[in-house]
Amino acid sequence: MGCWVLSLTNSSTKALTSAWGRPILDLMPQTRISESGHRLLRRLSGDLGMSSEELLDRALDLLERRRALDAINAGYEELRADPEAWDGERTERRLWQT
């Protein structure tokens, strides 16, 4: 199974240059991605009109938000499982609303 190496840039990326001003080595973070993942990344970035970097940034942000919401939902499920604690929560909400 082959893999691709993605070079991700940001505003602080610098390049080493030769005496002729040509880049020798770009100092960029890199990560490995499977061939199927690379095909999907290329297809989605094309479909959405985004660069691969933009798409990865957006996908990671959405994943982070999703995980936060999942943790909040799990906390509420745990709270609802305890009738006394849930009644206390509902009482507190009513107090805040008045």
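Restricting the first member to segment 86-98 and to residues that are within 15 Å of G75 (Cα to Cα), and the second to residues that are in a helix (DSSP H, G or I), the beta-carbon pairs closer than 7 Å and six or more apart or on different chains are W86/L79; W86/R80; E89/L79. Listed here are the helices (runs of 4 or more DSSP H) enclosed by segment 3-98 that have at least 1 residues being surrounded by fewer than 11 Cβ atoms within 10 Å (Cβ to Cβ), at pLDDT below 95 and aromatic (F, W, Y): 83-97.
The values are calculated or read from the model by the stated rules, or taken from the named source; none is laboratory data. Please read these numbers as outputs of a predicted model, since none were measured by experiment. Virtual Cβ from ideal backbone geometry, glycine too; neighbours counted across all protein chains shown.
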